[in-house]
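The values are calculated or read from the model by the stated rules, or taken from the named source; none is laboratory data. Please read these numbers as outputs of a predicted model, since none were measured by experiment. Note: ideal-geometry Cβ built from the backbone for every residue, glycine included; neighbour counts use all protein chains shown. Calculation scope for accessible area: heavy atoms of the full protein, side chains included, ligands and nucleic acids excluded. Shrake-Rupley method; radii C 1.70, N 1.55, O 1.52, S 1.80 Å.
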Amino acid sequence: MAAGIELASAIAQNAKVDTVYIGGGTPSLLDPAHLQNLLDTIRDLFASDPSEVTLEADPETVDLQKASAWACAGINRVSFGVQSFSDSELAASGRMHRRADIYRAVPILREAGIANIGFDLIAGLPLQTPESWRESVDRLIELAPEHVSVYILEVDEKSRLGSELLKGGKRYSAGAVPSEDQIADFYELAQTLFSGAGYHHYEISNWAKPGFESRHNLKYWRREAYLGFGAGAHSFSGVQRWANAHDPAGYVNMMENGLLPVEQLERLTAEAALEEELFLGLRQLDGIDLSRIEKVYAVKLASRFDPLASSGLVEWNGPVVRLAPSRLSVANEVFVEILR
């Protein structure tokens, strides 16, 4: 135990790293030698045989020399923040890459031997229309990544766009952000088209070709333990969650002085853990085994779900309850009712 952190014995004594995710910022800008050193350090410190090593990358940062070095270092999965195939939408949202960069980067990764590529799209970008959204989804399917994520535009009150949206203004393209109803339509169209293209919808925001579900992200949704390193990184031991200092300079200063750079530390109560079980579990389209959860937490929960089932928002299959696939665009309403 250090800085109040308690590691479960399974982590402290027999930690085995089976997935690695290098993300936050744009790690594809790093010199490949730094990434190699990072992965070598993990192999030295832990029992490590990761089957999935993911690097977040922006399309404009990819070249064959770097991609080949990534593959040699053991990186076998690249996650692209594509966001859109519309140059006007990319420019309005402040992205550096353009549509042509996406088409250029994918063949480079394939040539380098990286056979697992993920794309992210964002529904709700400024200037996005039903036609441009359909174009983005169609072009994504054409390029056939192994994994797809669709995220809803988040309103960040600290950003210029977010601040303007909250004020109901028109600057910074705020007046060109689609309505909530349009965004729901975008999501539902993606559901239909991805399913038709052979993608398995396994989590509210995520689709994958069979066998290419994100093993690392599944740990988050299943509440499995994970360790995060670096400024702003988060960790979960099973009973505690903690976050490192967000400021890189502060993080380095603490490390150089022999201090754990922990900025936030929370011990989960049984109530908080139960809420996580419900919220994170229901995000997975396989649903949750309610009988298991009731036994573990000594609670009765079926009465919370019966009215939702009557409304067609959730479905029962024996003790397993899941969100109705046709109502995922209103999942937040379900979560509010369950956690009320």
Just to check I understand the Karplus step: with θ = phi - 60° and J = 6.51 cos²θ - 1.76 cosθ + 1.60, what whole-Hz values come out for the stretch 288-300, glycine and proline as x? 10, 7, 5, 5, 5, 5, 4, 5, 5, 9, 6, 9, 10
Going by accessible area, probe 1.4 Å, with all protein chains left in place, what is the ranking of Asp49, Asp31, Asp58, Asp289, largest first? Asp49, Asp31, Asp289, Asp58
Length-normalised contact order of the chain, Cα under 8 Å, at least 6 apart, in percent, tallies to 11 percent
If you average the sequence gap of Cα pairs under 8 Å that are 6 or more apart and divide by the length of the stretch 1-130, what percent do you get for the contact order? 24 percent
Label points 7 Å out from Cα along the Cβ direction at Ala47 and Leu30: separation in nm? 2.5 nm
FRET E, pair Glu337, Ser179, Förster distance 22 Å, beta-carbon r, rounded to 0.05: 0.40
Residues of the chain: accessible area per residue at 1.4 Å, in Å²? 51 Å²
Under the rule a/c < 1.5 gives rounded, and otherwise a/b versus b/c splits prolate from oblate, where does the stretch 246-314 land using the Cα gyration tensor? prolate
Please report the carbon-and-sulfur percent of the accessible area for the chain; probe 1.4 Å, protein heavy atoms only, DNA, RNA and ligands left out. 51 percent
With a ≥ b ≥ c the root eigenvalues of the C-alpha gyration tensor of the stretch 18-57, is it rounded (a/c under 1.5), prolate (a/b larger than b/c) or oblate? oblate
Could you work out how far apart the two model spin labels at Leu285 and Asp63 are, taking each label as a point 7 Å from the Cα in the direction of the beta carbon, and quote it in nm? 4.0 nm
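Ala15 to Arg292: FRET efficiency via 1/(1 + (r/R0)^6), r the Cβ-Cβ distance, R0 25 Å, to the nearest 0.05? Display every interim value, and only then the final one.
Numbers: r = 26 Å, r/R0 = 1.03.
Here the calculated transfer efficiency is 0.45.
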Rounded to whole Hz, the Karplus (6.51, -1.76, 1.60) HN-Hα couplings of the stretch 137-151, x for glycine and proline: 5, 4, 5, 4, 4, 4, 7, 6, x, 6, 9, 9, 10, 10, 10
Decide, for the stretch 204-320, between rounded, prolate and oblate: order the square roots of the alpha carbon gyration tensor eigenvalues as a ≥ b ≥ c, take rounded if a/c falls under 1.5, and otherwise choose prolate if a/b is larger than b/c, else oblate. prolate
